[in-house]
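Take a look at the structure set out below.
The values are calculated or read from the model by the stated rules, or taken from the named source; none is laboratory data. Nothing here was measured: the structure is a model prediction, and the numbers come from that model. Note that each Cβ is placed from the backbone with ideal geometry, even for glycine, and that neighbours are counted across all protein chains shown.
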Amino acid sequence: MTVTDTATRTLVERAGIPRPLAWGFLGVLIFMIGDGVEAGYLSPYLVEQGLSTQQVALLFTVYGVTAGVAAWLSGALSDLWGPRRVMALGLVIWVVFQVLFLVVAVPTMNFPLLLLGYGLRGFGYPLFAFGFLVWVAAATPRERLGTAVGWFWFAFTGGLPTLGSLVASGLIPVIGPLATLWVALALIVLGGLIALLLVRERSGYHRLAPAGERPLVTLLGSVSILWRNPRIGVGCLVRVINTAPQFGFLVFLPLFFTETIGFSLGQWLRLLTVMFATNIVFNLIFGIVGDRLGWRRTVAWCGGVGSALTILLLYHVPVAAGPQYWLALLVAAAYGATLAGYVPLSALMPSLAPEHKGQAMAALNLGAGASVMAGPAIAGLFLGPFGVQGVMVVFAVLYLVSAGLTLFLRLPDE
């Protein structure tokens, strides 16, 4: 080993990245950049090509459903087959159905083919990315797991939507929207091959479930673990609360900030960018903090209590100060930071069920998928009778409830 190799190895390990998995984090980042390229423009592009807004909404709904199912399956199938095979399946699905989408469906604008190609492609990225998250949970020593999952979420959110949207904004004026989607496919292939060919850590090559456990028992166990191990059920609920407000307030905050506060649409979009750019950085920071302070304590105080305070500030500061843009940016960044306080939950959940880490991660991912539906549903239920202020208070109370629920998330040796 050369001096350069030794220095690189030391740098990677000192950063908290498990060295045997290091190429996987890079692969996930590039893969998610490819997945995120379309995030900011695919909907209006399809409308320009002749689809109705209702058809686009249905297309994205089907995609969301398949992605939610795949998020759950990523943990269940990792128990059954091993994370690496699940990642390979996700890569193949993404590539095959994206080619169908671009070669046949988009040129003809045949809606059933669009539903087939884009809808089934939704299985791809969760199997690949969350399959790697299961691999991280299975292969990383417990004392460094919080930092490792922090790096995962840094790579995941750094690609989708942040750098993906940046790539799109640079390429579309030069090569056009359709060619940009082909570039996204190339990035997917590159990221997938980097992770699958260069990560040699052996635990990801084999099933994670106990030897001799029947396949059907393994798959059903990824659901029954919610009541077989009540702490996993509680952790799943905490994960639902984690991002439900984030998806919920996207239903009404754009109008609130543009029509009530008086910002332009561009200012609102930049505010949203600052919020999630801050979240990316703090995903890594709170992963490290969780290893030092304790995962449960970090989720409760930095995630639950912190998000309860900052989501109230996100409403009340602009109302009190008016269109003071720098103040709005400050509270948006604060909310993005505290939202990352839930990152150690990805380390805590598999540690609550060390014999069934894949099942525990399946429950965690199930909670993530449920939050996409729960947030808008809560907003729709309370917005009419209580207004924006009332909905934000409801979300703040839910965050405090999640902080209280962490009392039940004690590790087996605690």
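Quick notes on this one:
- Only one entry in Leu190, Leu197 is under 28 Å from Asp35 (Cα atoms), modelled with pLDDT of 95 or more and loosely packed, with under 14 Cβ neighbours inside 10 Å, namely Leu197.
- Residue ID - farthest from Cys302 (Cα to Cα), chosen from residues in segment 378-399 that are among the small types (Gly, Ala, Ser) and without any contact (Cβ under 8 Å) to a residue 60 or more places away in the chain: Gly384
- Filtered by the rule that a residue be part of a helix (DSSP H, G or I) and either of a type in the set (D, E, K, R) or touching a Pro at 6+ places or on another chain (Cβ under 9 Å) (or both), segment 187-217 gives Arg202, Ser203, Gly204, Tyr205.
- Matching entry among Ala333, Ala320 (being within 22 Å of Val393 (Cβ to Cβ), assigned to a helix (DSSP H, G or I) and either in contact with an Asp or Glu (Cβ under 8 Å, 6 or more places away or on another chain) or free of Cβ contacts under 8 Å to residues at least 40 places away in the same chain (or both)): Ala320
- Filter result (part of a loop (DSSP other than H, G, I, E, B) and either without any contact (Cβ under 8 Å) to a residue 40 or more places away in the chain or at positive phi (or both)) within segment 251-288: Gly262, Ser264
- Matching residues, segment 102-121, being in a helix (DSSP H, G or I) and in contact (Cβ under 8 Å) with a residue 40 or more places away in the chain: Leu102, Val106, Phe111, Leu114, Leu115, Tyr118, Gly119, Leu120, Arg121
- Unique residue being closer than 28 Å to Phe286 by Cα and either hydrophobic (A, V, I, L, M, F, W, C) or out of contact with any His (no Cβ under 6 Å at 6 or more places or on another chain) (or both) when the list is Pro20, Pro107: Pro20
- Unique residue being over 19 Å from Ala340 (Cβ atoms), of a type in the set (Phe, Trp, Tyr) and in the same structural domain as Ser307 (by TED's automatic domain parsing) when the list is Phe395, Phe382: Phe382
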